[in-house]
Amino acid sequence: MLPVVVVHGGAGHIPKERAELSTIGVKEAARTGYAILQKGGSAMDAVVEAVALMENNPRFNAGRGSVLNVKGEVEMDAMVMDGRTLDSGAVSAVRRIANPVHLARLVMEK
């Protein structure tokens, strides 16, 4: 059976002038996750790296592209869950971290 990776670029309206670059970013994240699966990586590895790629892309409302809170600061949330074991990890309102999804995974594993 071939692996499948589904990635979405968030909810809400994407202005026409940003749509093409957003689509490129989503495709890149999906391809990254798929490549990890093809090399024998776990689903968790694939998901975390696909999300981290989007967190590093300023076109998405995550990581570098986060919307500021009312104080003008970046606060981010992330959660991961292993569907096999139902183990999960989450972080909320974290600051000064490049990839909250990596921290959420660490919370799950430790």
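The values are calculated or read from the model by the stated rules, or taken from the named source; none is laboratory data. Quantities reported herein were computed from a predicted structural model and do not represent experimental measurements. Counting neighbours? That spans all protein chains shown, and the Cβs are built from the backbone with ideal geometry, glycine included. Just so you know, the surface numbers come from the protein's heavy atoms only, side chains and all, with ligands and any DNA or RNA stripped out. Shrake-Rupley method; radii C 1.70, N 1.55, O 1.52, S 1.80 Å.
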*Identify, by number, the condition in (1) touching a residue at least 24 places away in the same chain (Cβ under 8 Å); (2) open to solvent by less than 50 Å² (accessible area, probe 1.4 Å); (3) not aliphatic (A, V, I, L, M) that Arg59 doesn't meet.*
(2)
_Failed condition for Gly72, given (1) over 20 Å from Gly41 (Cβ atoms); (2) part of a loop (DSSP other than H, G, I, E, B); (3) open to solvent by 50 Å² or more (accessible area, probe 1.4 Å)_ = (3)
*Residues in the stretch 78-97 that are surrounded by 12 or more Cβ atoms within 10 Å (Cβ to Cβ) and closer than 17 Å to Ala50 by Cβ: how many?*
6
*asked:* I'd like the residue in the stretch 2-18 that is of a type in the set (A, V, I, L, M, F, W, C) and exposed (fewer than 12 other Cβ atoms within 10 Å of the Cβ) and, out of all such residues, is farthest from Ala46 (Cα to Cα).
replied: Ala11
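For residues in the stretch 19-44 being within 16 Å of Phe60 (Cα to Cα) and open to solvent by 100 Å² or more (accessible area, probe 1.4 Å), which is modelled with the lowest pLDDT?
Here is the first cut: in the stretch 19-44, the ones within 16 Å of Phe60 (Cα to Cα) are 19-30.
When the remaining residues are screened for being open to solvent by 100 Å² or more (accessible area, probe 1.4 Å), the result is 20, 27.
Details: Glu20: 92, Lys27: 96.
Once the filter is applied, the top-ranked residue is Glu20.
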